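Asks: Okay, handing you the structure first.
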Amino acid sequence: QVQLVESGGGSVRAGGSLRLSCAASGFTYSSNCMGWFRQAPGKEREGVARIYTKSGSTYYADSVKGRFTISQDNAKNTVYLQMNSLKPEDTAMYYCAAVWNTNRCANRSPVDFGTWGQGTQVTVSS
């Protein structure tokens, strides 16, 4: 019974920072694709960042490049999303998700991710 639990969301002013955490449990694999997604009301869910836990390779949406950083602490089974220079358009529910026991993390779609967390709200005001 694998599960993901997000934390770290909150309300900040434009230009501020937040660090989201995704704690994973109940898995036995080291080669996983961990992703952060977000969804605003009335909008489609979009991928924000991904990390391949075996190699550390990362992938980012163009809208967050240079501002967000995804990282991992394998000893703690935790993936982080450091968000800097936040903008009002970053406001959304943020979800972490996982593709377990995979050989790649590039070119992944939301349907590829088998496990999802419940989400954490990020609100950026101006």
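Asks: With every protein chain left in place, what is the accessible area per residue of the chain in square angstrom, probe 1.4 Å?
Replies: 52 Å²
Asks: Something else about it: Would you work out the relative contact order for segment 6-126, in percent, from Cα pairs under 8 angstrom that are 6 or more residues apart?
Replies: 36 percent
Asks: How charged is the neighbourhood of Asp112? Take every other residue with its Cβ under 11 Å from the Cβ of Asp112, and add Lys/Arg as +1 and Asp/Glu as -1.
Replies: Its environment carries a net charge of +3.
Asks: OK, next. With each label point set 7 Å from Cα along the Cα-Cβ vector, what nm distance links Val111 and Asp73?
Replies: Reported label-point gap for Val111 and Asp73 is 3.6 nm.
Asks: Could you look at the chain and say what percent of its accessible area is carbon and sulfur, using a 1.4 Å probe and all protein chains?
Replies: Numbers: 2900 of 6610 Å².
Roughly 44 percent, rounded to a whole number.
Asks: What are the ³J(HN,Hα) values, in whole Hz, obtained from phi via the Karplus relation 6.51 cos²θ - 1.76 cosθ + 1.60 with θ = phi - 60°, for each residue of segment 41-53 in sequence order, with x given for Gly and Pro?
Replies: Values per residue, Gly and Pro as x: x, x, 10, 6, 5, 10, x, 9, 7, 9, 9, 8, 5 Hz.
Asks: Now, a different point. Placing unit charges on C-beta atoms (Lys and Arg positive, Asp and Glu negative, everything else neutral), compute the dipole magnitude of the chain about its Cα centre in debye, rounded to 20.
Replies: Numbers: 13 positive and 8 negative charges, 37 e Å.
Dipole magnitude for the chain comes out near 180 debye.
Asks: From the protein chains alone at 1.4 Å, what is the descending order of accessible area for Trp36, Trp116, largest first? Don't skip to the end; give the middle numbers.
Replies: Working: Trp36 0, Trp116 70 Å².
The ranking, largest first, comes out as Trp116, Trp36.
Asks: Let me ask something else. Report, by chain and number, residues whose modeled amide H sits under 5 Å from the one on Thr91, excluding near sequence neighbours (fewer than 5 apart, same chain).
Replies: Distant-sequence amide H within range of Thr91: Val124.
Asks: Among Ser21, Val2, Gly56, pick out the residue whose Cα is farthest towards the positive end of the charge dipole of the chain, where Lys and Arg carry +1 and Asp and Glu carry -1 on C-beta, about the Cα centre.
Replies: It is Gly56.
The values are calculated or read from the model by the stated rules, or taken from the named source; none is laboratory data. Everything numeric in this text was worked out from a predicted model, so none of it was measured. Reconstructed Cβ throughout: ideal geometry from the backbone, glycine too, with neighbour counts over all protein chains shown. Just so you know, the surface numbers come from the protein's heavy atoms only, side chains and all, with ligands and any DNA or RNA stripped out. Shrake-Rupley method; radii C 1.70, N 1.55, O 1.52, S 1.80 Å.
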